[in-house]
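Trainee: Below are the structure tokens for one structure; questions will follow.
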Amino acid sequence: MNFIDLDNSYFDIPPDSLLQNFSNTEINDKLINLFLNDNCKDNIIHENKENYYSYLFISNEKSTTRWKTLNNNNKSPCDYVLFEEIKEFFEKNKKFSCVGESFINGDKIKDIEYKLIHKKRKREKKKHNDVPCINIENKDEDIKKVKRGRKIKLDNPSRIEHTKYSDDNIIKNIKVKIFIYPLYFLNNILDESINNNKYKLCKLNYKYINRLKKGRDLDCLEMSLKDIYSFDITSKYQKFKKEHNKNIINKIIKKEIIVKDYETIMFALNLSLRNWMELFTYKKNIYEVIQDYKEFGNANLDIIEKCLIGVEDLLQKIFEKKNDKEFFSIYTLLLYNYERWFSIKRGRILKNKNNNI
């Protein structure tokens, strides 16, 4: 895959020259070959598509221009983006000048990279004398300060505490943002085409976003924005019905709402979440994405680009929240490898015999 160079058009790196660069990384030839042969398999099967989209989102309350990734298959949904590649992209584009210096490498970044490659990182075995000592002088005082919840066993020093740096916590935060920014995009399109503030799409009910499910989260990347934002809106909008978004989208499709540029709106509504993410992160530009939507070939691409908010906006906000550089770096790496994280996540095959929620 190749990044889009926002300042100078494009920069392309052939696969041969890419592989030569790996000598400067910790990823050896065996890891590369392993990854190149790694094929992702679907983990969810459905016979009836009538209620399929609803099933993808609602959790059970009881339970191309490509980047220079290791995988050279353009159709693979499992591409992994290297830290060095993201760093190089930030350095080449002025939009990321404010945050690029905060994107740093480190042990936790290396751990995440090994996990995304699906390879365990070898660590030196700790000697018996290296086990942390426990101060028992203030034992009674320390007991009062112990937090509620699952405890970490002191006799297992290799166990990692679940903190804000944990990848699943960060992925959940990223997922929330991923479902907000397309909403901004669609509402910007509506502002350009409809001179009426009442035709605004609202945030989705949090139940669609709350849980991380491998099958559902991978499959929802295939969904169109119109299908995603037709689900029930959050109950915080008390003056709107839960079908508020669905009603607006249906009226636009049926031309019951007068719009300036119908084809442009229809292109935006039919854009898949994956294609939107490619635009959002500059993996592709609008002229490449439109090739997959030839029925909307007359869409106004200038308006699409104008209404699209790029990933630099999100990264700037994460940076301004006074997160340390380590957190920011992990967040950024996982954002660019969002789909890859789910593709290597262990998950169970979901069965829905009655095709009902």
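The values are calculated or read from the model by the stated rules, or taken from the named source; none is laboratory data. Keep in mind that what you see is a predicted model, and the values were worked out from it rather than measured. Please note: Cβ atoms are built from the backbone with ideal geometry, for glycine as well, and neighbour counts cover all protein chains shown.
Trainee: Take the residues of region 325-347 that are modelled with pLDDT under 90 and more than 15 Å from the chain's Cα centre (by Cα): which is surrounded by the most Cβ atoms within 10 Å (Cβ to Cβ)?
Mentor: Ranking the qualifying residues of region 325-347, first place goes to Gly347.
Trainee: For region 222-254, which positions are in contact with a Lys or Arg (Cβ under 7 Å, 6 or more places away or on another chain) and crowded, with 19+ Cβ neighbours inside 10 Å?
Mentor: First, the residues of region 222-254 that are in contact with a Lys or Arg (Cβ under 7 Å, 6 or more places away or on another chain): 222, 230, 232-234, 249.
Matches in region 222-254: Ser230, Asp232, Ile233, Ile249.
Trainee: Separate question: Which residues, counting only those in region 173-212, are within 15 Å of the chain's Cα centre (by Cα), assigned to a loop (DSSP other than H, G, I, E, B) and among the aromatic types (Phe, Trp, Tyr)?
Mentor: Scanning region 173-212 gives a single hit, Phe179.
Trainee: Could you list, in sequence order, all residues of region 255-285 that are in a loop (DSSP other than H, G, I, E, B) and surrounded by fewer than 20 Cβ atoms within 10 Å (Cβ to Cβ)?
Mentor: In the first step, residues of region 255-285 are kept if they are in a loop (DSSP other than H, G, I, E, B); the result is 255-261, 271, 281-285.
Scanning region 255-285 gives Lys255, Glu256, Ile257, Ile258, Val259, Lys260, Asp261, Asn285.
Trainee: Same structure, new question: Condition check: within 14 Å of Ala268 (Cβ to Cβ), at pLDDT 95 or above, crowded, with 20+ Cβ neighbours inside 10 Å and among the aromatic types (Phe, Trp, Tyr). Does Tyr184 satisfy that?
Mentor: Working: within 14 Å of Ala268 (Cβ to Cβ): yes; at pLDDT 95 or above: yes; crowded, with 20+ Cβ neighbours inside 10 Å: no; among the aromatic types (Phe, Trp, Tyr): yes.
In short, no.
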